[in-house]
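*Asks:* Pasting in a structure now, in structure tokens, and then I'll have a few things to ask.
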């Protein structure tokens, strides 16, 4: 395997963003996390941490990465903006460059160390109801 499989460099001078983005899909679930140079002590260290995260996701794709601890900043009750009725679970529709729409249910949360975690479940692969339930379960597991 390429040592940087699933990892790409993001340098956007205009907004001061410099770091490594990990993006993987394992068994129909999308994982993504950004490791900024400034938060992780420089470019090389951020890359090493990104690789460790990627390896953990690939090694334990059945379990959610990042552990079950969640910061107190995470929401615990729905707001009026929640269309799903479940905090941290959102229906996503993306249109690809080819014009095809991709539909997902996404679960998101913030870990105890302040890192945003996101997993997506494909409606095409699981069906709408099952994808939604998987997203709800993923969020609940992460929230402990």
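The values are calculated or read from the model by the stated rules, or taken from the named source; none is laboratory data. Keep in mind that this is a model prediction, so the values were computed, not measured. Because the Cβ atoms are built from the backbone with ideal geometry, glycine has one as well, and the counts that use them run over all protein chains shown.
*Asks:* Take the residues in the stretch 116-130 that are within 27 Å of residue 50 (Cα to Cα) and in contact with a helix residue (DSSP H, G or I) (Cβ under 9 Å, 6 or more places away or on another chain); name whichever of them is surrounded by the most Cβ atoms within 10 Å (Cβ to Cβ).
*Replies:* Initially, the stretch 116-130 is screened for residues within 27 Å of residue 50 (Cα to Cα), giving 116-122.
Now drop any that are not in contact with a helix residue (DSSP H, G or I) (Cβ under 9 Å, 6 or more places away or on another chain), which leaves 117, 119-122.
Working: 117: 21, 119: 24, 120: 25, 121: 27, 122: 18.
This residue is 121.
*Asks:* Name the pairs whose Cβ atoms lie under 7 Å apart, with the first residue in the stretch 127-144 and assigned by TED's automatic domain parsing to the domain that holds residue 89, the second surrounded by 13 or more Cβ atoms within 10 Å (Cβ to Cβ) and part of a helix (DSSP H, G or I), and 6 or more positions between them or separate chains?
*Replies:* The qualifying pairs are 131/123; 134/126.
*Asks:* I've got another one for you. Filter the stretch 29-53 down to the residues that are surrounded by fewer than 16 Cβ atoms within 10 Å (Cβ to Cβ) and under 26 Å from residue 106 (Cα atoms) and list them by number.
*Replies:* Once the filter is applied, which keeps residues that are surrounded by fewer than 16 Cβ atoms within 10 Å (Cβ to Cβ) and under 26 Å from residue 106 (Cα atoms), the stretch 29-53 yields 36, 39, 52.
*Asks:* Follow-up question, since we're still on this one. If the requirement is being in the same structural domain as residue 125 (by TED's automatic domain parsing), surrounded by 14 or more Cβ atoms within 10 Å (Cβ to Cβ) and modelled with pLDDT of 80 or more, which of these qualifies: 92, 7?
*Replies:* Values: 7 fails: in the same structural domain as residue 125 (by TED's automatic domain parsing).
Answer to the selection: 92.
*Asks:* Let me spell it out: the conditions are (1) modelled with pLDDT of 85 or more; (2) surrounded by 15 or more Cβ atoms within 10 Å (Cβ to Cβ); (3) in the same structural domain as residue 140 (by TED's automatic domain parsing), and residue 74 meets all of them except one. Which number is the exception?
*Replies:* (1)
*Asks:* Still on this structure, please answer the following. Among the residues of the stretch 59-71, are any under 14 Å from the mean Cα position of the chain (by Cα) and modelled with pLDDT of 80 or more?
*Replies:* no
*Asks:* Okay, next question. Please work out if residue 86 is modelled with pLDDT under 85 and in the same structural domain as residue 5 (by TED's automatic domain parsing). Don't jump to the end; show me each part of the working.
*Replies:* On the way: modelled with pLDDT under 85: yes; in the same structural domain as residue 5 (by TED's automatic domain parsing): no.
Answer is no for this residue.
*Asks:* Would you point out the residue of the stretch 11-28, among those that are surrounded by fewer than 13 Cβ atoms within 10 Å (Cβ to Cβ) and not in a helix (DSSP H, G or I), that is modelled with the lowest pLDDT? Walk me through how you get there before you give the answer.
*Replies:* Going through the stretch 11-28, the residues surrounded by fewer than 13 Cβ atoms within 10 Å (Cβ to Cβ) turn out to be 11-16, 27.
From the residues that got through so far, the ones that are not in a helix (DSSP H, G or I) too are 11-12, 16, 27.
Values: 11: 90, 12: 87, 16: 86, 27: 69.
For the stretch 11-28, the residue satisfying everything is 27.
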